[in-house]
Amino acid sequence: SIDTNTWNNWNTAQVTAANQQLKISTVTTSGYYGVGSTNKYSLAGSAVTTQVVSAGNQSFSSLQAYPIVINLDGNNQLSWSITNNTIQAVEKVQGSQTTLSSLAYNPAQQQYFRIREANGLVYWDYSADGQTWTTLTSVSNWPFDLTNVDIQQMAGTWANEASTSTAAFDNLNLLP
């Protein structure tokens, strides 16, 4: 089950834990579901990693899976997004969202995702095995304060879809 002392579950009908994995199901109408940490963390000199077990049905035109969201508030976030069979490093600053870099999604090669900070740079990394990492992009000069953020994982659609889909995440900050 989802520990409510650690995680805020945005919709208990759509967000569940099964087989020690976080499963987020969509509905046929637009909407986003997920969890957010109840505690705040500092990304300075640190990292957040997760494994994507399933990014959901990527043939849905409006489906977005967010394996990692570093959230200061709703207007300031750093995230990984998987949508339309594309991985995206995303920055949202003062409500304005920018895709910093993107690449075709290959579930075998991009199974683990990480956002980390080191020496004033924020990196978006991916890995096939959680051991050897490839950097997709990085930014300098943090766009906002990263020393008091929460962590989120979510999925949803921005438009109505004919059927539902489920994204599944595992091993948050647990590497093989």
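Restricting segment 115-129 to residues that are small (Gly, Ala, Ser) and part of a strand (DSSP E or B) leaves a set whose member that is modelled with the highest pLDDT is 127. For segment 76-100, filtered to residues that are among the polar types (S, T, N, Q) and surrounded by 14 or more Cβ atoms within 10 Å (Cβ to Cβ), the residue that is nearest to residue 169 (Cα to Cα) is 81.
For segment 23-41, which residues satisfy the criterion of being in contact with an Asp or Glu (Cβ under 9 Å, 6 or more places away or on another chain) and either open to solvent by 30 Å² or more (accessible area, probe 1.4 Å) or assigned to a strand (DSSP E or B) (or both)? Across segment 23-41, the qualifying residues are 27, 28, 29, 30, 36, 37, 38, 39, 40, 41.
Entry remark, segment 48-72: residues being open to solvent by 30 Å² or more (accessible area, probe 1.4 Å) and either in contact with a helix residue (DSSP H, G or I) (Cβ under 9 Å, 6 or more places away or on another chain) or under 21 Å from residue 138 (Cα atoms) (or both) number 1 in total. Scanning segment 130-157 for residues that are open to solvent by 30 Å² or more (accessible area, probe 1.4 Å), modelled with pLDDT of 95 or more and hydrophobic (A, V, I, L, M, F, W, C), we see that the one that is farthest from residue 61 (Cα to Cα) is 133.
Sub-8 Å Cβ pairs linking a first residue in segment 95-106 that is in contact (Cβ under 8 Å) with a residue 24 or more places away in the chain and within 16 Å of residue 143 (Cα to Cα) to a second residue that is loosely packed, with under 15 Cβ neighbours inside 10 Å and hydrophobic (A, V, I, L, M, F, W, C), at least 6 apart or interchain, number zero.
Of the residues making up segment 20-29, one or more are within 16 Å of the chain's Cα centre (by Cα), among the basic types (Lys, Arg) and closer than 29 Å to residue 129 by Cβ.
The values are calculated or read from the model by the stated rules, or taken from the named source; none is laboratory data. Keep in mind that this is a model prediction, so the values were computed, not measured. FYI the Cβ positions are ideal-geometry reconstructions off the backbone, even for glycines, and counts take in every protein chain you see. When the accessible area is computed, the model is the full protein with side chains, heavy atoms only, and any ligands, DNA or RNA have been set aside. Shrake-Rupley method; radii C 1.70, N 1.55, O 1.52, S 1.80 Å.
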